[in-house]
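Student: Sharing a structure with you now.
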Amino acid sequence: MKLMSRVLSGAALLCCSGLLWAADAPLGKTSPPNRKTMVVETVHPYTVYEYQPPVVLPLFSAGEQQDLSHPEKLLKAHFNYLRTGDYERNLLLWTAASRQVMEAADKRGNRDKAFWTGLWSRAYANRKVELTHWVTYGRYVLMQYRVSSDDGVAPSEATVAVVKEGNDWRLTQDLRADPVAVNWRTSPGRIQVPADALLPPDPLQPKF
């Protein structure tokens, strides 16, 4: 694999604005508002490895069982289940917290098992899946994959995050809004994101 070290710097904008919320103004008498902006720069180091050549993820052979001891083996199981429509086994590849997030989002979106297996069939059946990049990012690994076919359809690429739990690697939704996970392929090395306090609630976060 070809190794590339990168640093992504996220500038979080912390500002006080009288226009953000309807109830964000004091009741007592005050001076005219003094609006300010503070830039807080957080450095996100990560390391990129490019597979040379890409690693093809085949279907399981007869009698083969899943092996979660390594991210590449986890991804082999993941795409085996997607291509064979094994909804239950694929769901169990995710961390417990991620399953909770996904199930809550599906409930709000009225998506069920049939929705996902139908989508997987259209997206992955008779397609070649191969890993193109490995990104080490703290305790996480980002795995970039490419899906292609021989029917003239343009290949598609995406990134999935994995994390180790005990002795097993698991897929995770922890980084669904993380600036590195979202932008590592396209960013020149510096992006700006608003501070958490200014963001709307996470639509995937379970509501109790």
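The values are calculated or read from the model by the stated rules, or taken from the named source; none is laboratory data. Note that the structure is a prediction, hence the values are computed from the model and not measured. We place every Cβ from the backbone using ideal geometry, glycine too, and count neighbours over all the protein chains shown. In case anyone asks, the SASA skips ligands and DNA or RNA and just uses the protein heavy atoms, side chains included. Shrake-Rupley method; radii C 1.70, N 1.55, O 1.52, S 1.80 Å.
Student: Looking for something modelled with pLDDT of 85 or more and farther than 30 Å from S69 by Cβ - is there at least one such residue anywhere in the stretch 119-127?
Tutor: yes
Student: I need the full set of residues from the stretch 159-208 which are modelled with pLDDT of 75 or more, hydrophobic (A, V, I, L, M, F, W, C) and under 14 Å from the mean Cα position of the chain (by Cα), in order please.
Tutor: Selection gives V160, A161, V162, V163, L171, L175, A177, V180, A181, V182, W184.
Student: Let me ask something additional. For the stretch 49-64, how many residues meet the condition of being in contact with a Leu (Cβ under 8 Å, 6 or more places away or on another chain) and aromatic (F, W, Y)?
Tutor: 2
Student: From the list V129, V180, V160, exactly one residue is in contact with a His (Cβ under 7 Å, 6 or more places away or on another chain) and either open to solvent by less than 70 Å² (accessible area, probe 1.4 Å) or not aliphatic (A, V, I, L, M) (or both). Which is it?
Tutor: V180
Student: Looking at the stretch 58-102, which of the residues that are polar (S, T, N, Q) and not in a loop (DSSP other than H, G, I, E, B) is surrounded by the fewest Cβ atoms within 10 Å (Cβ to Cβ)?
Tutor: Taking the candidates together, the pick is Q100.
Student: If you don't mind, another one. Contact list please: Cβ distance under 7 Å, first residue in the stretch 135-156 and at pLDDT 90 or above, second residue of a type outside the set (G, A, S) and assigned to a loop (DSSP other than H, G, I, E, B), pairs at least six apart or on different chains.
Tutor: Short answer, once both residue conditions are applied: V135/W184; Y140/L175; L142/W184; R146/P155; V147/R127; V147/P155; S148/R127; S148/P155.
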